[in-house]
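**Student:** Please find one structure pasted underneath; my questions will follow.
The values are calculated or read from the model by the stated rules, or taken from the named source; none is laboratory data. Since the structure is predicted, the reported quantities are computational estimates derived from the model, not experimental observations. Because the Cβ atoms are built from the backbone with ideal geometry, glycine has one as well, and the counts that use them run over all protein chains shown.
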2 protein chains.
Amino acid sequence: MLPSQPQCALLSTQVSQLLELLGQEPSLRQQDTTAIETSLKKAISPKFEIVFAGAFSAGKSMLINALLERELLYSAEGHATGTECHIEYAEPNQERVILAYLSEREIQEQVMALCQPLGLNVLENSHILQSETIEMLQKGCRGIIEAEGGPSKSERAKQAQALLLLLQGYKDNQNRLHPVNNATFSMEQLNFSNLIEAASYARRGSNSAVLKRLEYYCYHPLLQDGNILVDLPGIDAPVKRDAELNVRKIQDPETSAVVCVLKPASAGDMSQEETELLDRIRLNPGIRDRVFYVFNRIDETWYNAQLRQRLDNLIQTQFRDGSRVYKTSGLLGFYGSQIKKTSSRDRFGLDSIFAESVKGLGGEEDTPQFVSEFNNYCANSRKLTRTQFKVSVNGYETPNENYVRILGDWGESLIEQLIADSGIEEFRSAITRYLTEEKRPQLFANLADDLQSLCINLQKTFLTQYRELASQPREVEAMKAQELARLNQELQEIGAHFRQHIETEVNEIVTNAIASLRKTFGS
Amino acid sequence: MLPSQPQCALLSTQVSQLLELLGQEPSLRQQDTTAIETSLKKAISPKFEIVFAGAFSAGKSMLINALLERELLYSAEGHATGTECHIEYAEPNQERVILAYLSEREIQEQVMALCQPLGLNVLENSHILQSETIEMLQKGCRGIIEAEGGPSKSERAKQAQALLLLLQGYKDNQNRLHPVNNATFSMEQLNFSNLIEAASYARRGSNSAVLKRLEYYCYHPLLQDGNILVDLPGIDAPVKRDAELNVRKIQDPETSAVVCVLKPASAGDMSQEETELLDRIRLNPGIRDRVFYVFNRIDETWYNAQLRQRLDNLIQTQFRDGSRVYKTSGLLGFYGSQIKKTSSRDRFGLDSIFAESVKGLGGEEDTPQFVSEFNNYCANSRKLTRTQFKVSVNGYETPNENYVRILGDWGESLIEQLIADSGIEEFRSAITRYLTEEKRPQLFANLADDLQSLCINLQKTFLTQYRELASQPREVEAMKAQELARLNQELQEIGAHFRQHIETEVNEIVTNAIASLRKTFGS
């Protein structure tokens, strides 16, 4: 999994030696070495965190599902992911999920912070989470919501609703919380039999309110070599603590790359939150140019020429280098990959994947969102105009009937076309190529860049010392010669080691990467 | 146009007399009469301002177009209306538009306000709008936009872009601006030959930046009796001055009714701006319960069962009385009414109404947004499943080909069905009924309510005075009797007049309204 670890240790020692040499020279001691330290940390770190950032309705979770070709994070349109999610590598038979809860102290702080603007009086910190106080506060919240006319009728009502969920979450999960630490539990400890059950528990408002983090450990080649995908609540999340989490994570030196999931494909321009996000990314030296721009919901531009022109214009003028710009539809890509496994026997997923969402009221079947989008793709996207697919969507059939008939007629090759048009595969290959071929060489190149000026300065200093010694009276000749030889050799050794190391490292990684790519893509 | 004006004058005199009586009584002089004055002003005002408020992309302008069945305000998705628009009544042959510009002083203030956070130094207020300073500032803005990587790449770039537009607008329109007043110009003075030309001038960013207000005078029955529709920039407008205009207008005592154009039909829930809007409306005593809630873009719920359930739930729990809740698609309603006038000769509008938007790049025709939505309606909305319309949308034809073929086959009756499903007619009849039948009686009822407590207090005081006089020694008997008779008669007269007036008023308006309704709807 991490073949380069022994070399990493060597590299770390060598850079430390260089920094030590620097520390021994009074004239150089003042030099700022934080950039080098950051680069070194990134280059030798076994982990590489890729943060998915964007608006709460930009479809980040669906994009991650599409990338990994499985439904990992629950993502329903309009329902924000409230909790930070980490997705790390696991061997196929060791998949698991771990839930990390807020500490009682953190919950207490949040309760206090919500009570104050609501004018709910709490006498003493330490008694907030006693059951009488909780009941009193719940009553107060319900009163506020009633008076405002509903839980989302005003900002005040929304705050009261958030407090209500937090208190309910505390009551429901009290036995799992620790006074000051973030208690963690495995899926098994909480009696969930699979990932879906755990996700469904975690997305319930009251549970989500007291969960700090979800950690999924999944088998997927993309996650090898320490890659971690991080899904955050949206940058425009309605709850303040969630929105702040984004800012913190973007500023975190642990963050190594960012996938910006942007909405202009549906909104026509970038929102204030989105421009602020781009500003913040630029300020984190740990990220550098490791930013992927994904314009998700690209399907909306198929049906709206104005949107399409506006997006093209935005990309041309403001994302000029264009090298890491992708246009995707996470929804079409993800469900496309899922329905490949279905057939007419389960009505291409209506009776399996979508069984829950077709359950309508009053006996009539509902249309899953994907089915609507699929039919619209077939009828109106212009993607099929010049293909072999001669598809008709009939207004006198229900959307589900159209869907089953069309897939019955055109089957897998139409699904392949849909997936290709979703742009997901292009994005997946690009990010895979980056993570397997480019990532480590680039991290070492960054370190080498940062080290260069340090080495030049050291060389200059030693040269000056040499000249000074050379100009001193002859009697100390022997001593001088010895000292000089020592310094010279030390410097040369480190330089040679370092150069050789970088070479080996880069070669080995490229070789590994190509081998692993071959394995992954079966070529 | 205003048949009740003479009575209004009488009413005003009578209420003034009552207030005068009140002023003569030392014990009552302190009573707060602002509510009565506001109610009186509303009841006798020749104008009734209906403000359309909502997010900038909620489709307010399109809804107004649909209401009036004509393209008045330019509304392109994603392009915000930047300027306040007033739409008032005109006789059919007297339609016109008037453009009101910012004063030079107002522009200067805005320039100052934008320069400061951008760090652009301006030495003295009075010299800002000199051409060298303007050039210097324009250069500064361009530099900032270049450095940020594009005009919408960051908040700083957006501010610089706003300043650039304002300066350009000042230069382009300099000869039309007044130092301290808001200069106004008619369409003819500006050499526009029709409303569309004027609207197209006004929506250009630089012109929009220096325009304070657009006043349209149009013939439409809805606008009779002093009704004025006011379209504002969105509550979430990107430029601060535009967002503030919304707040000011909602708090303005001149505002008599509000049409809240809300987005949950597409967004799933109410945004912070929307809940704040509802809060603000409640605080304006001039609006009372004269609020219409319009969930626009309802068509999005046809294609997404989750959105539909969420909206139904929102309406059931938080708009419980439900009496003034409407679900509309302004786009389908408006263009539906427009294409009724077209035929296969102009390809149902593709060669007339949509001639501009089908002009694609590279020889291929673009699809107008309405055509995409129309086809989706036909294929996927389930609205046609149980009708006589047997429509197919074919993936091997272009959207425009499908559109022309379907309308050729099913023609006007399908358009009627589309318009009915758009919910626009229902909303139009409701608002027309309100404005012609309910508005004035309700305004008078409000006044009567507010006057009631005043009359009761006056009566009490006079009764006390009577008792005091009655208990005084007999020698002044004659004088007392005379004084009492006078007071009594005065009070009775005013009471009788007032009651009679309200009756006549209400009767007359109801009769007029019914007659006008008959005329409007041809029954």
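**Student:** Among B:E146, B:E109, B:E104, B:E135, which is away from chain A (no Cβ under 14 Å), of a type outside the set (A, V, I, L, M, F, W, C) and over 37 Å from the mean Cα position of the chain (by Cα)? Please lay out each step first, then the result.
**Tutor:** Values: B:E146 fails: away from chain A (no Cβ under 14 Å); B:E109 fails: over 37 Å from the mean Cα position of the chain (by Cα); B:E104 fails: over 37 Å from the mean Cα position of the chain (by Cα).
After ruling out the rest, the residue left standing is B:E135.
**Student:** Which residues, taken from the stretch A:66-87, are at pLDDT 90 or above and in contact with a Leu (Cβ under 6 Å, 6 or more places away or on another chain)?
**Tutor:** The one that is at pLDDT 90 or above and in contact with a Leu (Cβ under 6 Å, 6 or more places away or on another chain): A:I87.
**Student:** Within the set of pairs 6+ apart or on separate chains, which have a first residue in the stretch B:177-206 that is surrounded by fewer than 16 Cβ atoms within 10 Å (Cβ to Cβ), a second that is modelled with pLDDT under 90 and basic (K, R), and C-beta atoms under 7 Å apart?
**Tutor:** As it stands, the answer is B:N182/B:K212; B:S186/B:R96, since those pairs meet every condition given.
**Student:** Then there is this: Looking at A:A265, A:A257, can you tell me which residue is small (G, A, S), assigned to a strand (DSSP E or B) and either out of contact with any Gly (no Cβ under 9 Å at 6 or more places or on another chain) or under 30 Å from B:Q272 (Cβ atoms) (or both)?
**Tutor:** Criteria check complete, one pass: A:A257.
Yes or no, residue by residue, for (1) part of a helix (DSSP H, G or I); (2) in contact (Cβ under 8 Å) with a residue 60 or more places away in the chain; (3) more than 9 Å from chain B (Cβ to nearest Cβ):
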{"site": "A:R320", "(1), (2), (3)": "no, no, no"}
{"site": "A:Y335", "(1), (2), (3)": "yes, no, yes"}
{"site": "A:I353", "(1), (2), (3)": "no, no, yes"}
{"site": "A:F389", "(1), (2), (3)": "no, no, no"}
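**Student:** Just give me the residues in the stretch B:283-310 being buried (at least 20 other Cβ atoms within 10 Å of the Cβ) and either in contact with a His (Cβ under 6 Å, 6 or more places away or on another chain) or basic (K, R) (or both), in sequence order.
**Tutor:** Once the filter is applied, which keeps residues that are buried (at least 20 other Cβ atoms within 10 Å of the Cβ) and either in contact with a His (Cβ under 6 Å, 6 or more places away or on another chain) or basic (K, R) (or both), the stretch B:283-310 yields B:R290, B:R297, B:R310.
**Student:** Let me ask you something else. B:R382 - would you say it is in a loop (DSSP other than H, G, I, E, B), within 34 Å of the chain's Cα centre (by Cα) and of a type outside the set (S, T, N, Q)?
**Tutor:** Yes.
**Student:** Return a yes/no flag: does the stretch A:120-130 have any residue that is at pLDDT 90 or above and under 16 Å from A:A209 (Cβ atoms). It would help to see each step written out before you state the result.
**Tutor:** Narrowing the stretch A:120-130 to residues at pLDDT 90 or above: none.
No; the residues of the stretch A:120-130 include none that is at pLDDT 90 or above and under 16 Å from A:A209 (Cβ atoms).
**Student:** Same structure again: Kindly establish whether B:T464 is surrounded by 11 or more Cβ atoms within 10 Å (Cβ to Cβ), modelled with pLDDT of 80 or more and β-branched (V, I, T).
**Tutor:** Details: surrounded by 11 or more Cβ atoms within 10 Å (Cβ to Cβ): yes; modelled with pLDDT of 80 or more: yes; β-branched (V, I, T): yes.
Yes, satisfied.
**Student:** Among the residues that make up the stretch A:133-144, is at least one of them in a loop (DSSP other than H, G, I, E, B), at pLDDT below 90, surrounded by fewer than 22 Cβ atoms within 10 Å (Cβ to Cβ) and not acidic (D, E)?
**Tutor:** no
**Student:** Which condition number in (1) within 17 Å of the chain's Cα centre (by Cα); (2) crowded, with 21+ Cβ neighbours inside 10 Å; (3) of a type in the set (K, R) is the one that A:R280 fails?
**Tutor:** The one condition A:R280 does not meet is (2).
**Student:** Right, here's the next one. In the stretch A:400-425, how many residues are buried (at least 21 other Cβ atoms within 10 Å of the Cβ), assigned to a helix (DSSP H, G or I) and at positive phi?
**Tutor:** 0
**Student:** While we're looking at this one, here's another question. For the list (1) under 26 Å from the mean Cα position of the chain (by Cα); (2) free of Cβ contacts under 8 Å to residues at least 60 places away in the same chain; (3) within 14 Å of chain B (Cβ to nearest Cβ), I need the number of the one condition that A:L331 fails.
**Tutor:** Just one mismatch for A:L331, condition (2).
**Student:** With the requirement that a residue be within 12 Å of chain A (Cβ to nearest Cβ), modelled with pLDDT under 90 and in a loop (DSSP other than H, G, I, E, B), what does the stretch B:287-305 give you?
**Tutor:** B:N304
**Student:** Are there any pairs, at least 6 apart or on different chains, whose C-beta atoms fall under 8 Å, with the first in the stretch B:268-282 and within 13 Å of B:A243 (Cβ to Cβ) and without any contact (Cβ under 8 Å) to a residue 40 or more places away in the chain and the second crowded, with 19+ Cβ neighbours inside 10 Å and among the hydrophobic types (A, V, I, L, M, F, W, C), and if so, which?
**Tutor:** B:R280/B:I250
**Student:** Tell me the residue from B:R486, B:R440, B:R428 that is under 25 Å from B:I353 (Cβ atoms) and in a helix (DSSP H, G or I), please.
**Tutor:** Just one listed residue meets the conditions, B:R428.
**Student:** What number of residues within the stretch B:396-436 satisfy the criterion of being touching a strand residue (DSSP E or B) at 6+ places or on another chain (Cβ under 7 Å) and within 14 Å of chain A (Cβ to nearest Cβ)?
**Tutor:** Looking only at that region, the number is 1.
**Student:** Would you please name the residue that is surrounded by the most Cβ atoms within 10 Å (Cβ to Cβ), looking only at residues in the stretch A:361-377 that are more than 28 Å from the chain's Cα centre (by Cα) and within 7 Å of chain B (Cβ to nearest Cβ)?
**Tutor:** Let us first name the residues in the stretch A:361-377 that are more than 28 Å from the chain's Cα centre (by Cα), namely A:361-367, A:372, A:375-377.
Still in the running and within 7 Å of chain B (Cβ to nearest Cβ): A:366-367, A:372, A:375-376.
Working: A:D366: 21, A:T367: 28, A:S372: 22, A:N375: 26, A:N376: 22.
Taking the candidates together, the pick is A:T367.
**Student:** Looking at (1) touching a Gly at 6+ places or on another chain (Cβ under 9 Å); (2) modelled with pLDDT of 95 or more, which is the only condition B:T367 fails?
**Tutor:** Of the numbered conditions (1) touching a Gly at 6+ places or on another chain (Cβ under 9 Å); (2) modelled with pLDDT of 95 or more, the odd one out for B:T367 is (2).
**Student:** In the stretch B:230-276, which residues are under 19 Å from B:R310 (Cα atoms), under 17 Å from the mean Cα position of the chain (by Cα) and of a type in the set (S, T, N, Q)?
**Tutor:** Result: no residue meets the conditions.
**Student:** Here is a further query. For the list (1) crowded, with 16+ Cβ neighbours inside 10 Å; (2) within 11 Å of another protein chain (Cβ to nearest Cβ); (3) among the β-branched types (V, I, T); (4) without any contact (Cβ under 8 Å) to a residue 40 or more places away in the chain, I need the number of the one condition that A:V358 fails.
**Tutor:** The one condition A:V358 does not meet is (4).
**Student:** Working carefully through the options A:A160, A:A100, A:A113, find the one that is closer than 28 Å to B:I315 by Cα and in the same structural domain as A:E197 (by TED's automatic domain parsing).
**Tutor:** Step by step, each of A:A160, A:A100, A:A113 is checked, and only A:A160 is closer than 28 Å to B:I315 by Cα and in the same structural domain as A:E197 (by TED's automatic domain parsing).
**Student:** If you don't mind, there's one more thing I want to ask. Which numbered condition in (1) within 24 Å of B:A58 (Cα to Cα); (2) modelled with pLDDT under 90; (3) of a type outside the set (A, V, I, L, M) is the only one that B:N227 fails?
**Tutor:** Just one mismatch for B:N227, condition (2).
**Student:** On to the next question. For the stretch A:247-286: of the residues being facing chain B (nearest Cβ under 9 Å) and hydrophobic (A, V, I, L, M, F, W, C), which is farthest from A:K439 (Cα to Cα)?
**Tutor:** So, considering only residues that are facing chain B (nearest Cβ under 9 Å) and hydrophobic (A, V, I, L, M, F, W, C), the one farthest from A:K439 (Cα to Cα) is A:A267.
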